[in-house]
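Asks: Structure incoming, see below.
Just so you know, all these numbers are worked out from the coordinates, no wet-lab data involved. On a predicted model such as this, the values are computed, not experimentally measured, just so you know. Cβ: placed from backbone, ideal geometry, glycine included. Neighbour counts: every protein chain shown.
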């Protein structure tokens, strides 16, 4: 049997055929057509699956199920998406039902952060452990929690919404969610930029970033690069980012107590440098018994995490 | 079939015979003999089960399993307890194995906070919801997390250790765990006392508690009583306690996103008064989607929660 999976993004959809063991047998991309309220997206994916099946000599009868990762708020039990801005979907869209009608196969959907977490758990940095948490640091901060081998959705779907964990008690920066102080405002790419402007104004450090700061053209990567080159101000900013992440992780450690805390997303490409600072702070502030054997690691699957995790939904929920 | 359960405490053990639906058919207590390194405790419980079975005409053949709640750090998978100070158990004690040998029945054990949470989930304020969190405010703060219908133990048993959630960023008070700033230092009975002395010194409020403060004889109940009587200083302190709890609960809401957040333990007897203050702060600081349908409630089962939850382990894990 095989599993079909799609990681739906605002620009492209990553599609794949996977084995029941979640090995990618074949993968490709199609553009996401967001015109006409994104009404073609699901049909395009289905057509592409069919075409590829024929072309690669897969039999649709062999398909165990189809997993979809969606960038928006998913009601996992109902299989609906409530307003996916990047796809131009407004209102409640019955994605599971629609795709089951199209394909005649069992379909499971989840949000992009959750499927990426499931992917890393099964085939990546999560080493198939029962308790794993993933923090995806991109423009925002996405999160996913796996406890007792299952994704934690919670009672209204806000389980694992780690980007909105309030870590900045001073509430310095506005979050898209309407509140202030969310992890996203200090630990995403946007967060790195927020803190750079903030501390430059406050501390008047000398820094190689000065020109970019004055021109209001700072990007997160510039700050990481400067820090790696030994720029003191940039290092100070990254330490602050790391410290907020370490605090969130220290709390996660006494909540669901994951074995692996996986840092992914664009910001995580700072890699060892960022992890090292997080690790140092984390060790200091965490309940001692919870530290034992817990590891902070970087994601391993890159862009494949979502597709593998979407297929993982089928592995997990289709019996 | 019936389930036997014991909630083992430092002074007494609460024993019970329960139906498979977790209805208490019969309950009683025996003293906890902590002499000789507490080596008689398990045998005493087993003997008492046998005696009562005979007396009440239960047949030991009808016993599906035996659940035990223990005040100490439990390794759930191994069924061991690593140092239960109140029972005089030192080192690693193989409670599950010992009790299975004594009884010939399947035995499951968990710590007191977890079994209380399971009890409240199945038969109390948790309304049998799949996602429930319990905070027990006593001398310390105990916690239990249920996600997807299962207790979250985590990879090294520190799951749900909510007493050690660092909420006091100013790190004003020392915790028994060796760190500062834990929820336990500001939201337990001890926490109420800590904050009373702290703010009295800092703010020099007029208060009916003055005499007790000067004599260093403040007790948590006195502070709650004074607040109920309209004492401004006491109200200020309780609001601070509530605010720390609200913060912890707001983070829990974006982590495992429980439907019911259950406040139990001695401090919760302040009841509506405390819950109201928590609720107000919680509404202000929580990610909006996570608020929907989430309820902060007081525990309902009192002293029976642990015994019912210990029996619940059998309902859940013995098939």
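Asks: Express in % the proportion of alpha carbon pairs of the protein assembly as shown at distances exceeding 48 Å.
Replies: It works out to 19 percent of all Cα pairs.
Asks: Right, something else. Just how far, in whole angstrom, is the stretch B:181-240 from the stretch A:11-33 if you go by their alpha carbon centroids?
Replies: Cα centroid to Cα centroid, the span is 60 Å.
Asks: By DSSP, what percent of the beta bridges with both residues in the protein assembly as shown are antiparallel, rounded to the nearest 5?
Replies: So the antiparallel bridges amount to about 60 percent of the total.
Asks: What ranking of B:89, A:28 emerges when the number of other C-beta atoms within 10 Å of each C-beta is taken as an exposure proxy, fewest first?
Replies: Sorted ascending by nearby Cβ count, the order is A:28, B:89.
Asks: Need one number: nm distance between label points at residue B:21 and residue A:61, each 7 Å from Cα along Cα→Cβ, rounded to one decimal.
Replies: Reported label-point gap for residue B:21 and residue A:61 is 4.8 nm.
Asks: Considering only the stretch A:1-73, what is the antiparallel percent among its DSSP beta bridges, to the nearest 5?
Replies: That works out to approximately 70 percent antiparallel.
Asks: Right, something else. Label chain B by shape, choosing from rounded, prolate and oblate, from the square roots a ≥ b ≥ c of the eigenvalues of the Cα gyration tensor; if a/c is under 1.5 it is rounded, and otherwise prolate applies when a/b is larger than b/c, oblate when it is not.
Replies: prolate
Asks: Okay, next question. Output the peptides B:39-48, B:169-178 sorted from most to least packed, where packing is the average of other Cβ atoms within 10 Å over each peptide's residues.
Replies: The peptides rank, most packed first, as B:39-48, B:169-178.
Asks: Assuming R0 = 25 Å, can you tell me the calculated FRET efficiency for the pair residue A:211 and residue A:279, based on Cβ-Cβ distance, to the nearest 0.05?
Replies: The value I calculate is 0.20.
Asks: Would you mind estimating how fast the stretch B:77-136 diffuses translationally, via Stokes-Einstein at 37 °C and 0.692 mPa s with the Kirkwood radius over Cα pairs, in µm²/s?
Replies: 248 µm²/s
Asks: Would you mind ranking A:287, B:273 so that the residue whose beta carbon has the fewest other beta carbons within 10 Å leads the list?
Replies: B:273, A:287
Asks: Another question about this same structure. Give the relative contact order (percent, whole number) for the stretch A:144-270; include only Cα pairs under 8 Å separated by 6+ residues.
Replies: Taking the mean separation of contacting Cα pairs over the length of the stretch A:144-270, I get 21 percent.
Asks: When only C-alpha pairs under 8 Å and at least 6 residues apart count, what is the relative contact order of chain A, in percent?
Replies: 21 percent
Asks: So what's the angle, to the nearest 10 degrees on a 0 to 90 scale, between helix A:41-55 and the longest Cα principal axis of chain A?
Replies: It works out to around 60 degrees.
Asks: Give me the inter-chain shielding for B:168-178: mean count of other chain Cβ atoms within 10 Å, whole number please.
Replies: Mean shielding by partner chains, rounded to a whole number: 1.
Asks: Please sort B:2-8, A:259-265, B:90-96 by packing, taking for each peptide the average over its residues of neighbouring beta carbons within 10 angstrom, highest first.
Replies: The most tightly packed comes first, giving B:2-8, A:259-265, B:90-96.
Asks: Who wins for biggest fluctuation among B:80, B:11, B:32 in a Gaussian network model of chain B, springs between alpha carbons below 10 Å?
Replies: Maximum fluctuation in the GNM of chain B, among the listed residues, is at B:11.
Asks: Mind jotting down the three principal axis lengths of the stretch A:3-107 based on Cα atoms? Whole angstrom, largest first.
Replies: 37, 28, 22
Asks: Report D for the stretch B:79-211 in µm² per second (integer): Stokes-Einstein, Kirkwood Rh on Cα pairs, 25 °C, 0.890 mPa s.
Replies: My calculation gives 143 µm²/s for D.
Asks: Moving on. Report the percentage of all Cα-Cα pairs in the stretch B:127-300 whose separation exceeds 30 Å, rounded to a whole percent.
Replies: Counting pairs separated by more than 30 Å, the tail of P(r) holds 16 percent.
Asks: Another question, then. Helix B:232-253 against the longest principal axis of chain B: what's the angle in degrees, Cα atoms only, rounded to the nearest 10?
Replies: 50 degrees
Asks: Using alpha carbons only, how many degrees (0 to 90, rounded to 10) separate the axis of helix A:272-285 from the longest principal axis of chain A?
Replies: 70 degrees
Asks: Okay, moving on. For the stretch A:236-319, what class follows from the C-alpha gyration tensor (a ≥ b ≥ c being the square roots of its eigenvalues): rounded when a/c is under 1.5, otherwise prolate if a/b is larger than b/c, else oblate?
Replies: oblate
Asks: Let me ask something else. Can you give me the pair-distance distribution of the stretch B:50-111, C-alpha pairs, 5 Å bins, whole percents?
Replies: Answer for the stretch B:50-111: a P(r) of 4, 18, 25, 19, 14, 11, 7, 1 percent.
Asks: Per residue of A:242-255, how many C-beta atoms from partner chains lie within 10 Å of its own C-beta, taken as a mean?
Replies: Counting other chains' Cβ atoms within 10 Å and averaging over A:242-255 gives 4.
Asks: Kindly work out what percent of the DSSP beta bridges joining two residues of the stretch A:125-300 are antiparallel, to the nearest 5.
Replies: Here the share of antiparallel DSSP bridges comes out near 55 percent.
Asks: Where Rh denotes the Kirkwood radius from the mean inverse Cα pair distance, what is Rg over Rh for the stretch B:132-191?
Replies: 1.01
Asks: What does the average come to when, for each residue of peptide A:281-291, you count the partner chain Cβ atoms lying within 10 Å of its Cβ?
Replies: That average works out to 4.
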